[in-house]
């Protein structure tokens, strides 16, 4: 419905703005709109750069092997893996063959 504005509609909108705000305030409004758009674009590009940096660091972190924890090395040195792992059949008692 409001997707396309022709030249006549734009001219009517500009004439209405000129009547409402007057010729003295129109340059101030234009400057304020320009500053707001410039500020919005700079913040958008800064955010885009920050997201790119974050995405690159996540990719680099995914490519690196994980750093082993001290608790992982202590668990593997104990040699008693059967007592630390629960039985796979869902019961709390050990399986008999």
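Coordinate-derived values only; no laboratory data. Just so you know, these numbers come straight off a predicted model, no measurement behind them. In this analysis, Cβ positions are derived from the backbone assuming ideal geometry, glycine residues included, and neighbour counts consider all displayed protein chains.
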- request: Take 24, 56 and order them by how many other Cβ atoms sit within 10 Å, fewest up front.
  value: 24, 56
query: Which shape class, rounded, prolate or oblate, goes with the range 1-42 when its Cα gyration tensor gives a ≥ b ≥ c as root eigenvalues, a/c under 1.5 marks rounded, and past that a/b bigger than b/c marks prolate?
result: oblate
